[in-house]
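Each remark here refers to the structure printed beneath this line.
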Amino acid sequence: MNTECTCTRCLHPQEFRLKTILCPTCGNKHCPRADWHGFACTGTDEPGQAGKITLAQAVAALDEHQAWRRGGDGAMVHPKTIGEALDLALVNLKAKL
């Protein structure tokens, strides 16, 4: 964890809840670089950008979170990851209705 960085993966979950995280380059909230400083800035807020969570990653994150929530031994999944996983799951479920 980089204490100087303000991306969502470097911030402590308590800090993450208190502020809106923006890309330091373009200032967009949904830019992949706002999520992690290792991603390139795309300069856009468009959904589905490279660097965002895949469906397989979303399913794994939700499984891990559900196990943790039910008293499992693993660590809590980062709130940002849970949100992205839920967003992607909902898009896929709605497409099947």
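Things worth noting here:
- Unmet criterion (only one of (1) closer than 20 Å to residue 24 by Cβ; (2) loosely packed, with under 13 Cβ neighbours inside 10 Å) for residue 73: (1)
- Of all the listed residues (81, 54, 20), the sole one being at pLDDT below 85, under 24 Å from residue 6 (Cα atoms), in contact with a helix residue (DSSP H, G or I) (Cβ under 7 Å, 6 or more places away or on another chain) and polar (S, T, N, Q) is 81.
- Among residues of the stretch 72-97 that are closer than 26 Å to residue 21 by Cα and not assigned by TED's automatic domain parsing to the domain that holds residue 34, those with a beta-carbon under 9 Å from a residue that is at pLDDT 85 or above and exposed (fewer than 13 other Cβ atoms within 10 Å of the Cβ) at least six positions away or on a different chain give the pairs 76/69.
- Selection status of residue 67, surrounded by 17 or more Cβ atoms within 10 Å (Cβ to Cβ), modelled with pLDDT of 75 or more and among the small types (Gly, Ala, Ser): no
- All positions within the stretch 54-71 that are outside any helix (DSSP H, G or I) and either within 15 Å of residue 92 (Cα to Cα) or not assigned by TED's automatic domain parsing to the domain that holds residue 92 (or both): 54
- Residue within the stretch 54-71 that is touching a residue at least 40 places away in the same chain (Cβ under 8 Å) and within 13 Å of the chain's Cα centre (by Cα) present: no
- Neighbours by Cβ (under 8 Å, 6+ apart or cross-chain): first from the stretch 1-20, in a helix (DSSP H, G or I); second at pLDDT 70 or above: 13/76; 13/78; 13/79; 16/8; 16/78; 16/79; 16/80; 17/79
The values are calculated or read from the model by the stated rules, or taken from the named source; none is laboratory data. Just so you know, these numbers come straight off a predicted model, no measurement behind them. Backbone-built Cβ (ideal geometry, glycine too); neighbour counts: all protein chains shown.
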